[in-house]
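I have placed the structure first, in the form of structure tokens, so that the comments after it can refer back to it.
The values are calculated or read from the model by the stated rules, or taken from the named source; none is laboratory data. Since this is a predicted model, take the numbers as computed values, not measurements. Backbone-built Cβ (ideal geometry, glycine too); neighbour counts: all protein chains shown.
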Amino acid sequence: MKTINDFNFKDKKALVRVDFNVPQDDQLKVTDNTRITAVKPTVEKILNDGGSVILMTHLGRPKGEVKDEFSLKHIVDEVSSVLGQEVKFVDECIGDKAEKAASELQPGEILLLENLRFHSEEEKGDEGFAEKLSKLGDAFVNDAFGTAHRAHASTAVIAQYFNSTKFFGLLMAKELQAIDKVLRKGERPVTAILGGSKVSTKITIIENILPAIDNLIIGGGMAFTFIKALGGKIGNSLVEEDKLPLALEILGKAKENQVKVYLPSDAIIAEAFNNDTERKEADIYAIPEGWMGLDAGHKSRDQFNDVLLNSRTILWNGPIGVFEMSNFAGGTVALGDSIAEATKLGAFSLVGGGDSVAFVKQFGYGDKVSYVSTGGGAMLESLEGLELPGVAAINK
Ligand code: AMP
């Protein structure tokens, strides 16, 4: 893997694709700067070498039009504050103005370009647009893991204009190494926990990871399709009727791969999909009509805990209950505690993809696991075994 650590950026201008697609409030103030903080090591390495940094990113979905609300001028102060020095801003990303600002940049300085998606060519992966961008820097660095699954001009196409001077940033490298550590070099036993609402969105992941894992914990809404396929009575719980045969097929494939599958044995059931409804605990194979399972029961939590404390590598994607409602968050909290404990005992734990990342942040588990991925879709596609265009372009 070719990272920025393989190059000395002295007197070079590094064009760095970052993912500053940050959440903002109605005054357009940044409400969570995690994505900016995440690229700090990359920026510091380039500046410490004696180079300068030109940051390029998208923000929101302006769909190829210049729209003030999506301008990066609204986030430049936050970027300066996080990176600890003044960041210059130019209200274009290609053309004379951008080229002038880039050429005037001195070693040690940082420049932020205007939103790439003000040009429709960005998302189309247009070569002409990518070539214009490439003129701004001497080297291309991709540190935007969150958009690495897109073959856009600035994430993939641009790399062809930098023969030997294209590199992964340190955030990208960390993300790719974390996936590698689980799926290719994972110390055994390797346990994957898959939760969330639907089997259909996780099927490719399951198929791809089976050869790499020893244990598969299935929880959340998707577990009910398996329980029903196995003959259980699931009441009004979430189910994908058309995926019942597929669930059995997955269980068969797991067996072929000698993967032990752990399904919940009990559930917290509710009369309605709402936090304050009547609730009780039930055998997951015998949920009464009119009730639905919204969280893992206590026996299941204990069983998952035993598996996790005996694991050396852990991958977690998807909550195992409706954690957004406090009365049904207990199972996912218990799971978070088990993963934290296993990590303390020396296991490597990776949390990746969408809602489990939101959970980890919201409930304060970020420091208790080994790595929390910053890229939702990109992480999911990596787990599905796909080569990300943004990664392939650097590796070429
Ligand atoms: P996904 O985006 O597929 O990972 O699904 C995440 C969502 O699954 C979260 O919003 C959870 O609330 C939801 N979820 C987890 N467990 C259940 C369940 N038992 N019934 C319905 N939804 C669930």
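A few remarks follow.
- When residues in the range 89-129 are screened for being surrounded by 15 or more Cβ atoms within 10 Å (Cβ to Cβ) and under 19 Å from Ser52 (Cα atoms), 18 of them pass.
- When Gly375 is tested against the conditions (1) surrounded by 23 or more Cβ atoms within 10 Å (Cβ to Cβ); (2) modelled with pLDDT of 90 or more, the lone failure is (2).
For every residue, the table says whether it meets (1) among the basic types (Lys, Arg); (2) assigned to a loop (DSSP other than H, G, I, E, B).
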{"residue": "Ala14", "(1), (2)": "no, no"}
{"residue": "Asp26", "(1), (2)": "no, yes"}
{"residue": "Arg35", "(1), (2)": "yes, no"}
{"residue": "Leu47", "(1), (2)": "no, no"}
{"residue": "His58", "(1), (2)": "no, yes"}
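- Residue selection: Gly137 fails the criterion of being within 16 Å of the ligand (Cβ to nearest atom) and in contact with a strand residue (DSSP E or B) (Cβ under 8 Å, 6 or more places away or on another chain).
- Among residues of the range 291-327, those that are in contact (Cβ under 8 Å) with a residue 60 or more places away in the chain, within 14 Å of the ligand (Cβ to nearest atom) and surrounded by fewer than 23 Cβ atoms within 10 Å (Cβ to Cβ), counted: 0
- Evaluated against (1) in contact (Cβ under 8 Å) with a residue 40 or more places away in the chain; (2) in a helix (DSSP H, G or I), Pro107 falls short on exactly one condition, (2).
- Restricting the range 214-242 to residues that are among the polar types (S, T, N, Q) and surrounded by fewer than 22 Cβ atoms within 10 Å (Cβ to Cβ), the residue that is farthest from Gly330 (Cα to Cα) is Asn215.
- Contacts under 9 angstrom Cβ, first residue in the range 116-135 being outside the structural domain of Pro62 (by TED's automatic domain parsing) and modelled with pLDDT of 95 or more, partner part of a helix (DSSP H, G or I) and surrounded by 15 or more Cβ atoms within 10 Å (Cβ to Cβ), 6 or more apart: none
Residue by residue, here is whether (1) surrounded by fewer than 20 Cβ atoms within 10 Å (Cβ to Cβ); (2) under 24 Å from Asn395 (Cβ atoms) holds:
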{"residue": "Val18", "(1), (2)": "no, yes"}
{"residue": "Thr34", "(1), (2)": "yes, no"}
{"residue": "Ala38", "(1), (2)": "no, yes"}
{"residue": "Val43", "(1), (2)": "no, yes"}
{"residue": "Ser52", "(1), (2)": "no, no"}
{"residue": "Lys67", "(1), (2)": "yes, no"}
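- Some residue of the range 154-162 being surrounded by fewer than 21 Cβ atoms within 10 Å (Cβ to Cβ), in contact (Cβ under 8 Å) with a residue 12 or more places away in the chain and under 23 Å from the mean Cα position of the chain (by Cα): no
- Where Ile193 falls short, out of the listed (1) buried (at least 18 other Cβ atoms within 10 Å of the Cβ); (2) in a helix (DSSP H, G or I); (3) not polar (S, T, N, Q); (4) not assigned by TED's automatic domain parsing to the domain that holds Arg17: (2)
- If the condition is being more than 16 Å from the ligand (Cβ to nearest atom) and over 16 Å from the mean Cα position of the chain (by Cα), then the range 357-371 contributes Gly364, Asp367, Lys368.
- From the options Gly385, Gly354, residue that is modelled with pLDDT under 95 and more than 13 Å from the ligand (Cβ to nearest atom): Gly385
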